[in-house]
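Asker: Here it is, the structure in full.
None of the figures in this text is laboratory data; all of them are computed from the coordinates on show. Predicted, not measured: the structure shown is a model, and the values here were computed from it. Because the Cβ atoms are built from the backbone with ideal geometry, glycine has one as well, and the counts that use them run over all protein chains shown.
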Amino acid sequence: MLKNKVVLITGAGSGLGRALALAFCQEGCRVIGFGRQQKTLEETASSINSKSFSYNVVDVLNYEELSEQVKNVFEKYQAIDFLFNNAAVYPKVNFMDESAKEFSDAMAINIVGVANGCKAVLPIMLKQGDGRIYNLGSWADLSPIADSAAYSASKGAIHGLTKSIAIDIAHLETQVEVHEWIPGHLNTQMSGYTGIDPSVSASWAVAIAQRVNIRKNSLFDRDQEWLPPKSLKQKIKNKLQFWK
């Protein structure tokens with residue numbers, strides 16, 4: 001069901017972004033990778049070795065540049081079906097040792113970069129009447145570890161940003177969906193090469209992309225939709241069938 005779908009992935013030059021590009025190419029999708037470095041994008045293209053993958057050097061913090069490249073993708077393929085806002089940084093530094101600029105830069109990439117991706121792609125998806133956006137999230141804000149202040153704070157902000165965007169388009173008659181996806185602790189450079197193989201997480205992304213009849217705004221933890229615990233009052237209402 002994903003064959004010939006157009007998938008846009010930011011941060012496609014390494015790690016999970018590269019694994020996502022490969023996984024969706026293997027499903028027959030037309031995949032476009034965005035990244036800041038020509039060299040790493042070339043490495044991704046070489047590892048995939050498929051005409052289904054193309055790339056553009058784009059800085060997600062440069063909205064004008066990003067928006068123009070998104071428009072070029074749409075003009076070429078006449079659709080953008082999926083956006084994975086994957087680009088992020090994880091500076092491993094103690095908050096007291098981190099300069100104000102370093103903190104600000106990390107927050108900008110991890111939050112403003114995601115917002116820019118949504119701003120650039122949403123008008124196209126709304127015009128075509130459907131499409132799915134997946135903002136890459138984390139539980140790091142709930143249980144932060146040492147030397148991760150900027151990353152943990154930015155990932156906490158992704159929860160609110162994603163829900164807010166979904167609410168702002170909820171009144172529109174459209175099949176556009178805005179979700180948060182938490183892929184797990186990954187074995188990449190960002191994590192010091194510990195955790196889940198990115199290819200496994202990429203397979204989960206394919207699985208959630210194939211799901212139908214889902215809500216327009218959900219949080220996916222790995223390959224499962226995560227629902228917040230219900231209060232006792234909600235449980236009683238459910239039991240009495242007063243609440244669905």
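Asker: If you take the residues of segment 83-124 that are among the polar types (S, T, N, Q) and outside any helix (DSSP H, G or I), which of them is nearest to D147 (Cα to Cα)?
Answerer: N94
Asker: What is the one condition in (1) part of a loop (DSSP other than H, G, I, E, B); (2) more than 19 Å from I80 (Cα to Cα) that L172 does not satisfy?
Answerer: (2)
Asker: Hey, another quick one. Those residues that are touching a strand residue (DSSP E or B) at 6+ places or on another chain (Cβ under 7 Å) and part of a strand (DSSP E or B), I need them from segment 212-224; list them, please.
Answerer: Matches in segment 212-224: L219, F220, D221.
Asker: Related question: Report the residue count in segment 111-147 for those that are buried (at least 20 other Cβ atoms within 10 Å of the Cβ) and touching a Lys or Arg at 6+ places or on another chain (Cβ under 7 Å).
Answerer: So the count comes out to 2.
Asker: What single numbered condition from (1) closer than 21 Å to K5 by Cα; (2) assigned to a loop (DSSP other than H, G, I, E, B); (3) among the polar types (S, T, N, Q) fails to hold for T194?
Answerer: T194 satisfies all of (1) closer than 21 Å to K5 by Cα; (2) assigned to a loop (DSSP other than H, G, I, E, B); (3) among the polar types (S, T, N, Q) except (1).
Asker: Next up: Suppose we filter segment 136-146 for residues that are part of a loop (DSSP other than H, G, I, E, B) and within 21 Å of G11 (Cβ to Cβ); how many remain?
Answerer: If we filter segment 136-146 for residues that are part of a loop (DSSP other than H, G, I, E, B), which is where we start, we get 137-146.
When the remaining residues are screened for being within 21 Å of G11 (Cβ to Cβ), the result is 137-141.
Selection size over segment 136-146: 5.
Asker: Tally up the residues in segment 43-70 that are touching an Asp or Glu at 6+ places or on another chain (Cβ under 7 Å) and surrounded by 19 or more Cβ atoms within 10 Å (Cβ to Cβ), please.
Answerer: So the answer is 1.
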